[in-house]
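First, the structure itself, so that you have it in front of you.
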Amino acid sequence: MNFEERKYVLIAAVVLISSVFLLRLFWVQVVDDQWKAEAANISERKVTVYPARGLILDRNGELLVANTPVYDIMVVPREVVAFDTNAFAALVGVPVDEVKRRIAEAGRYSSYKPSVFEKQITADQYAAIAPHLSKYQGFYGQSRTLRTYPRRIAAHLLGYLSEVDARKVEQDPYYKPGDVIGVGGLEQYYEKELRGRRGVKYVVVDVHNKVQGPFREGLYDTLAHEGKHLYTSIDARMQAYGERLMKGKKGSIVAIEPATGEILCLVTSPTYDPELLVGRVRNTNYGVLQRDSLKPLFDRALQAQYPPGSIYKIVQSLLALQDSVITPNTGFPCNKALVGCHAHPNAGTIQSAIQYSCNPYFYMVFKRLMEQGDHKDRFTAASINLDHWNTGMRSFGLGQRPRVDLPALKGGSIPDTKFYDRIYGKGRWAFSTIYSVSIGQGEVLVVPMQMANLAAIFANKGWYRDPHVVRAVGRPDSLLPQWEEKHVTDVDAHWYDLIQEGMRRVVNEPGGTARQARIPGITVCGKTGTAENPHGQDHAVFVCFAPMEEPRIAMAVYVENSGFGGTWAAPIASLLMEQYLTDSISRPDLEQRMLEADLIAQEKFFRKKPKPPRSRR
């Protein structure tokens with residue numbers, strides 16, 4: 001057979017085979033109704049498999065945040081056929097008009113992709129819905145988990161979950177409408193670790209919306225990977241006790257383990273039950289909390305900025321000792337003509353000055369800091385020395401946002417030369433203009449987290465590690481290396497012995513301003529303060545650490561509108577330290593007084609009365 005003949009044979013074979021395929025396709029699509037019905041009855045559905053979010057545990061392995069199963073009802077708009085809207089609305093608990101609106105909204109997003117129709121239905125509620133859901137083509141159930149809080153504590157610290165907004169969906173391709181994301185606290189800071197990785201499975205469903213089985217035996221399915229667990233430094237018992245002690249009060253407590261920087265408890269008061277921001281009632285409850293005049297959503301431990309009051313005197317002392325403008329035995333008379341003070345003996349040493357919290361003493365200390373050097377002009381001297389002072393203050397972590405694994409933290413304010421130049425003009429201010437800074441008032445602002453870190457620095461004699469909540473991610477032994485770095489202040493370590501002795505006297509010696517902070521058998525070192533409040537009663541402040549010989553806990557307590565630090569802040573700190581260090585309370589009368597005190601009601605009373613003259617302790 002020649003080439004020409006072979007060519008025609010090959011063409012004939014191609015035509016014959018093509019004709020067979022075309023005839024078969026015509027038969028299936030046009031003639032044979034069996035295949036048409038089968039295609040109509042079977043479709044493929046992509047189902048997202050949501051991973052369990054990582055758990056959050058305290059330092060002893062107790063669960064702070066767990067998961068509970070819930071269900072979302074999904075809708076694929078193109079699959080929806082005419083149905084009894086009234087019956088469906090009654091089944092899922094959604095108004096009839098809302099049913100129509102949600103289907104239309106899902107269609108605007110995508111006719112082919114599933115959208116969340118109703119979210120976060122509890123397992124019990126879904127058990128009643130599920131048997132009837134197959135009657136409604138285009139709707140199906142999808143499981144996921146919600147947060148639950150076994151202890152119902154630490155709401156601000158932990159954060160909560162909320163549905164992602166459109167902007168986040170545009171920014172991050174991981175998220176889709178209806179997904180949830182961490183908001184505030186650890187849920188936000190460790191979102192990527194906690195969320196895990198979604199999986200996908202493909203199933204075959206019939207015309208009656210019933211799942212017939214996996215598509216292609218699961219060939220295209222991917223597994224979901226659960227989120228990583230967070231192992232925190234929080235002591236759940238201490239956290240719960242701190243919240244009880246602060247009930248009826250506005251303020252905060254921050255406690256740190258000095259050697260590691262681990263946060264033991266972080267209390268903001270008033271607080272709220274974290275279960276209020278879970279599930280279908282979250283939006284309603286959030287609105288109620290947002291309108292509450294006591295601002296329970298406001299995280300005072302991280303965001304409230306206060307004058308530090310007399311706490312600041314300790315840092316002033318250290319910088320003055322380091323710069324040699326005073327010695328350990330420098331004494332100043334308590335000259336109330338300089339600045340107001342309470343009645344006490346004259347301070348002849350730095351330790352006694354701290355013990356008595358003498359305002360005129362620290363007025364003179366700050367004056368020497370601002371006027372040191374050979375500068376003949378006091379304006380020039382203040383300008384140069386203030387920046388030097390500012391640098392020293394910043395070495396204590398002040399005037400800057402602390403590096404903490406929590407979002408939305410503020411950094412307070414430490415003034416520098418540029419700050420005062422903007423207010424008064426260059427060369428037009430001196431020590432006499434800014435002397436209120438000497439006793440922690442004026443333009444100095446701190447947040448409670450910074451004050452707790454200061455207490456840790458005093459305990460460690462000049463160094464600190466960044467405060468943090470999470471010790472490990474994924475496994476208890478997966479310790480995070482970023483928290484190992486040591487920060488050293490600009491003050492030599494040996495000066496801290498004097499400061500510790502002064503703080504010991506504050507609590508344990510006659511004339512000390514925090515005698516109510518004594519703990520039997522434990523040497524507590526502390527310092528009270530009164531942060532000025534122009535809108536009402538001043539705020540009580542107390543920083544402390546214990547035991548003096550080998551510190552295991554450092555703490556800052558702020559109680560708003562309650563007066564002197566020794567009256568409320570010091571006893572609260574003392575009770576918390578005793579509970580943590582000894583697992584017991586030896587002063588039940590003091591405990592009862594702190595637990596029963598309602599200072600919020602007292603604050604309302606004082607608003608109606610004129611403010612008495614102030615002194616700083």
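For region 306-330, give me the residue count where each residue is crowded, with 16+ Cβ neighbours inside 10 Å and in a loop (DSSP other than H, G, I, E, B).
6
Output yes when any residue across region 140-148 is at pLDDT 90 or above, in contact with a helix residue (DSSP H, G or I) (Cβ under 9 Å, 6 or more places away or on another chain), within 29 Å of Pro407 (Cα to Cα) and not in a helix (DSSP H, G or I), and no when none is. I'd like the intermediate steps shown before the answer.
Going residue by residue through region 140-148, those that are at pLDDT 90 or above are 147-148.
In the following step, the residues that additionally are in contact with a helix residue (DSSP H, G or I) (Cβ under 9 Å, 6 or more places away or on another chain) were identified as 147-148.
Right, trim to within 29 Å of Pro407 (Cα to Cα) and you get 147-148.
With not in a helix (DSSP H, G or I) added as a condition, the list becomes 147-148.
Yes; the residues of region 140-148 include at least one that is at pLDDT 90 or above, in contact with a helix residue (DSSP H, G or I) (Cβ under 9 Å, 6 or more places away or on another chain), within 29 Å of Pro407 (Cα to Cα) and not in a helix (DSSP H, G or I).
Out of region 97-136, which residues are part of a strand (DSSP E or B) and not hydroxyl-bearing (Ser, Thr, Tyr)?
Within region 97-136, Val116, Phe117, Glu118, Lys119, Gln120, Ile121 qualify.
So, in region 419-444, how many residues would count as being closer than 19 Å to Tyr306 by Cα, part of a loop (DSSP other than H, G, I, E, B) and without any contact (Cβ under 8 Å) to a residue 40 or more places away in the chain?
The number of residues fulfilling the criteria is 1.
Which residue is surrounded by the most Cβ atoms within 10 Å (Cβ to Cβ), if the candidates are limited to region 472-494 and must be of a type in the set (S, T, N, Q) and under 30 Å from Asn60 (Cα atoms)? Give the steps one after another, and end with the answer.
The initial filter retains those residues of region 472-494 that are of a type in the set (S, T, N, Q), namely 478, 482, 489.
Okay, now just the ones that are also under 30 Å from Asn60 (Cα atoms), so 478, 482.
On the way: Ser478: 13, Gln482: 11.
Result: Ser478.
Just name the residue that is surrounded by the fewest Cβ atoms within 10 Å (Cβ to Cβ) out of those in region 501-512 that are touching a helix residue (DSSP H, G or I) at 6+ places or on another chain (Cβ under 7 Å) and assigned to a helix (DSSP H, G or I). Step through it out loud before you land on a result.
Narrowing region 501-512 to residues touching a helix residue (DSSP H, G or I) at 6+ places or on another chain (Cβ under 7 Å): 501-503, 505-507, 509, 511-512.
Narrowing the set further to residues that are assigned to a helix (DSSP H, G or I) leaves 501-503, 505-507.
On the way: Glu501: 19, Gly502: 27, Met503: 28, Arg505: 21, Val506: 31, Val507: 28.
If we take residues in region 501-512 being touching a helix residue (DSSP H, G or I) at 6+ places or on another chain (Cβ under 7 Å) and assigned to a helix (DSSP H, G or I), then Glu501 is surrounded by the fewest Cβ atoms within 10 Å (Cβ to Cβ).
Could you grab me the full set of residues in region 60-96 that are among the aromatic types (Phe, Trp, Tyr) and either surrounded by fewer than 16 Cβ atoms within 10 Å (Cβ to Cβ) or part of a strand (DSSP E or B) (or both)?
To start, the set of residues in region 60-96 that are among the aromatic types (Phe, Trp, Tyr) comprises 71, 83, 88.
Correct list: Tyr71, Phe83.
So which residues in region 381-422 are under 22 Å from Glu485 (Cβ atoms) and polar (S, T, N, Q)?
Residues satisfying the conditions are Thr391, Ser395, Gln400.
Outside any loop (DSSP other than H, G, I, E, B), surrounded by fewer than 19 Cβ atoms within 10 Å (Cβ to Cβ) and not aliphatic (A, V, I, L, M): is that true of Asp497 in this structure? Please lay out each step first, then the result.
Details: outside any loop (DSSP other than H, G, I, E, B): yes; surrounded by fewer than 19 Cβ atoms within 10 Å (Cβ to Cβ): yes; not aliphatic (A, V, I, L, M): yes.
For Asp497, the condition - outside any loop (DSSP other than H, G, I, E, B), surrounded by fewer than 19 Cβ atoms within 10 Å (Cβ to Cβ) and not aliphatic (A, V, I, L, M) - is met.
Look at Asp405 and say whether it is out of contact with any strand residue (DSSP E or B) (no Cβ under 8 Å at 6 or more places or on another chain) and not basic (Lys, Arg). Can you show your working first?
Values: out of contact with any strand residue (DSSP E or B) (no Cβ under 8 Å at 6 or more places or on another chain): no; not basic (Lys, Arg): yes.
Considered against the rule, which asks whether it is out of contact with any strand residue (DSSP E or B) (no Cβ under 8 Å at 6 or more places or on another chain) and not basic (Lys, Arg), Asp405 comes out as no.
Related question: If only one of Glu98, Glu62 is more than 22 Å from Gly178 (Cβ to Cβ), of a type in the set (Asp, Glu) and modelled with pLDDT of 90 or more, which one is it?
Details: Glu98 fails: more than 22 Å from Gly178 (Cβ to Cβ).
Residue meeting the stated conditions: Glu62.
To continue, here is another question. Would you confirm, using the coordinates I've provided, whether Glu163 is crowded, with 20+ Cβ neighbours inside 10 Å, touching a residue at least 12 places away in the same chain (Cβ under 8 Å) and among the acidic types (Asp, Glu)? Explain how you work it out, then say what you get.
Numbers: crowded, with 20+ Cβ neighbours inside 10 Å: no; touching a residue at least 12 places away in the same chain (Cβ under 8 Å): yes; among the acidic types (Asp, Glu): yes.
Judged against the criteria, Glu163 is not a match.
While we're on this one: Which residue out of Thr582, Thr567 is in contact with a strand residue (DSSP E or B) (Cβ under 9 Å, 6 or more places away or on another chain) and modelled with pLDDT under 95? Don't jump to the end; show me each part of the working.
Numbers: Thr582 fails: modelled with pLDDT under 95.
On inspection, the qualifying residue turns out to be Thr567.
Return the residues of region 381-402 that are touching a strand residue (DSSP E or B) at 6+ places or on another chain (Cβ under 9 Å) and touching a residue at least 60 places away in the same chain (Cβ under 8 Å); say none if nothing qualifies.
Within region 381-402, the subset touching a strand residue (DSSP E or B) at 6+ places or on another chain (Cβ under 9 Å) is 395-399.
Of everything in region 381-402, those that are touching a strand residue (DSSP E or B) at 6+ places or on another chain (Cβ under 9 Å) and touching a residue at least 60 places away in the same chain (Cβ under 8 Å) turn out to be Ser395, Phe396, Gly397, Leu398.
How many of the residues in region 295-305 are part of a helix (DSSP H, G or I) and either modelled with pLDDT under 95 or among the polar types (S, T, N, Q) (or both)? Please lay out each step first, then the result.
In the first step, residues of region 295-305 are kept if they are part of a helix (DSSP H, G or I); the result is 300-303.
Adding the requirement that they be either modelled with pLDDT under 95 or among the polar types (S, T, N, Q) (or both) leaves 303.
Number satisfying all stated conditions: 1.
Right, next: Can you find a residue in region 284-294 that is closer than 19 Å to Arg244 by Cα and outside any loop (DSSP other than H, G, I, E, B)?
Pass one, region 284-294, residues closer than 19 Å to Arg244 by Cα: 294.
From the residues that got through so far, the ones that are outside any loop (DSSP other than H, G, I, E, B) too are none.
The answer is no, given that none of the residues of region 284-294 is closer than 19 Å to Arg244 by Cα and outside any loop (DSSP other than H, G, I, E, B).
Please specify each residue of region 366-384 satisfying the condition of being under 19 Å from Ser324 (Cβ atoms) and either surrounded by 14 or more Cβ atoms within 10 Å (Cβ to Cβ) or basic (Lys, Arg) (or both). Steps first, answer last, please.
Step one: list which residues in region 366-384 are under 19 Å from Ser324 (Cβ atoms), which gives 366-375, 381-382, 384.
Once the filter is applied, which keeps residues that are under 19 Å from Ser324 (Cβ atoms) and either surrounded by 14 or more Cβ atoms within 10 Å (Cβ to Cβ) or basic (Lys, Arg) (or both), region 366-384 yields Phe366, Lys367, Arg368, Leu369, Met370, Glu371, Gln372, His375, Ala381, Ala382, Ile384.
Still on this structure: Just checking: which of the helices (runs of 4 or more DSSP H) contained wholly in region 155-273 hold 1 or more residues that are under 15 Å from the mean Cα position of the chain (by Cα) and more than 21 Å from Leu289 (Cα to Cα)? Steps first, answer last, please.
Details: elements: 155-158, 166-171, 185-189, 191-195, 236-245.
Where helices (runs of 4 or more DSSP H) fall fully within region 155-273 and carry at least 1 residues being under 15 Å from the mean Cα position of the chain (by Cα) and more than 21 Å from Leu289 (Cα to Cα), they are 185-189, 191-195, 236-245.
Are there any pairs with C-beta distances below 7 angstrom linking a residue in region 508-537 that is under 24 Å from Gln441 (Cα atoms) and modelled with pLDDT under 95 to a residue that is among the charged types (D, E, K, R) and part of a loop (DSSP other than H, G, I, E, B), with the two at least 6 apart or on different chains, and if so which?
From region 508-537, the pairs are Thr513/Arg617; Thr528/Arg617; Thr530/Asp538; Thr530/Arg616; Thr530/Arg617; Ala531/Asp538; Glu532/Asp538; Gly536/Arg607.
Moving to a separate point now. Identify, please: which residue in region 218-245 is closer than 30 Å to Glu591 by Cβ, out of contact with any Phe, Trp or Tyr (no Cβ under 7 Å at 6 or more places or on another chain) and not aliphatic (A, V, I, L, M) and is, among those, surrounded by the most Cβ atoms within 10 Å (Cβ to Cβ)? Outline the logic, then answer.
Narrowing region 218-245 to residues closer than 30 Å to Glu591 by Cβ: 232-245.
Applying the additional criterion that residues be out of contact with any Phe, Trp or Tyr (no Cβ under 7 Å at 6 or more places or on another chain) yields 232-234, 236-237, 239-245.
Next, only the ones that are not aliphatic (A, V, I, L, M) stay: 232-233, 237, 239, 241-244.
Details: Thr232: 26, Ser233: 21, Arg237: 17, Gln239: 24, Tyr241: 22, Gly242: 30, Glu243: 21, Arg244: 14.
Residue satisfying both the conditions and the ranking: Gly242.
To continue, here is another question. Could you look through region 278-305, keep only residues that are more than 15 Å from the chain's Cα centre (by Cα) and touching a residue at least 24 places away in the same chain (Cβ under 8 Å), and pick out the one that is surrounded by the fewest Cβ atoms within 10 Å (Cβ to Cβ)?
If we filter region 278-305 for residues that are more than 15 Å from the chain's Cα centre (by Cα), which is where we start, we get 278-295, 305.
Going one step further and asking which of them are touching a residue at least 24 places away in the same chain (Cβ under 8 Å), we end up with 278-280, 282, 294-295, 305.
On the way: Val278: 19, Gly279: 18, Arg280: 15, Arg282: 19, Leu294: 12, Lys295: 15, Gln305: 15.
Across region 278-305, the extreme among qualifying residues is Leu294.
Taking Arg394 and the conditions (1) in contact with a Ser or Thr (Cβ under 9 Å, 6 or more places away or on another chain); (2) closer than 30 Å to Gly159 by Cβ, which numbered condition does it fall short on, given that it satisfies the others?
Only one criterion is unmet by Arg394, namely (1).
Residue by residue, here is whether (1) within 30 Å of Gln239 (Cβ to Cβ); (2) more than 36 Å from the chain's Cα centre (by Cα); (3) of a type in the set (Val, Ile, Thr) holds:
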residue: Ile311; (1), (2), (3): yes, no, yes
residue: Pro328; (1), (2), (3): no, yes, no
residue: His344; (1), (2), (3): no, yes, no
residue: Val365; (1), (2), (3): no, yes, yes
residue: Met370; (1), (2), (3): no, yes, no
residue: Lys376; (1), (2), (3): no, yes, no
residue: Phe396; (1), (2), (3): yes, no, no
residue: Gly399; (1), (2), (3): yes, no, no
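Within region 513-553, track down each residue that is in a loop (DSSP other than H, G, I, E, B) and closer than 12 Å to Ala570 by Cα.
If we filter region 513-553 for residues that are in a loop (DSSP other than H, G, I, E, B), which is where we start, we get 513-514, 518, 520-521, 523-524, 532-538, 547-552.
Thr513, Ala514, Arg518, Val524 - these are the residues of region 513-553 that are in a loop (DSSP other than H, G, I, E, B) and closer than 12 Å to Ala570 by Cα.
Being surrounded by 17 or more Cβ atoms within 10 Å (Cβ to Cβ), modelled with pLDDT of 90 or more, among the aliphatic types (A, V, I, L, M) and in a helix (DSSP H, G or I) is the requirement here; does Val339 meet it? Can you show your working first?
On the way: surrounded by 17 or more Cβ atoms within 10 Å (Cβ to Cβ): yes; modelled with pLDDT of 90 or more: yes; among the aliphatic types (A, V, I, L, M): yes; in a helix (DSSP H, G or I): no.
It is false that Val339 is surrounded by 17 or more Cβ atoms within 10 Å (Cβ to Cβ), modelled with pLDDT of 90 or more, among the aliphatic types (A, V, I, L, M) and in a helix (DSSP H, G or I).
While we're on this one: Pairs only if they're at least six apart or on different chains, beta carbon under 9 angstrom, first in region 188-204 and closer than 20 Å to Pro407 by Cα, second in a helix (DSSP H, G or I) and of a type outside the set (Lys, Arg); list them, first residue then second.
Leu194/Leu186; Leu194/Glu187
The values are calculated or read from the model by the stated rules, or taken from the named source; none is laboratory data. This one's a predicted model, so the numbers in the text were calculated from it and none came from an experiment. Neighbour counts are summed over all protein chains in view; Cβ atoms, including those assigned to glycine, are modelled from backbone coordinates with ideal geometry.
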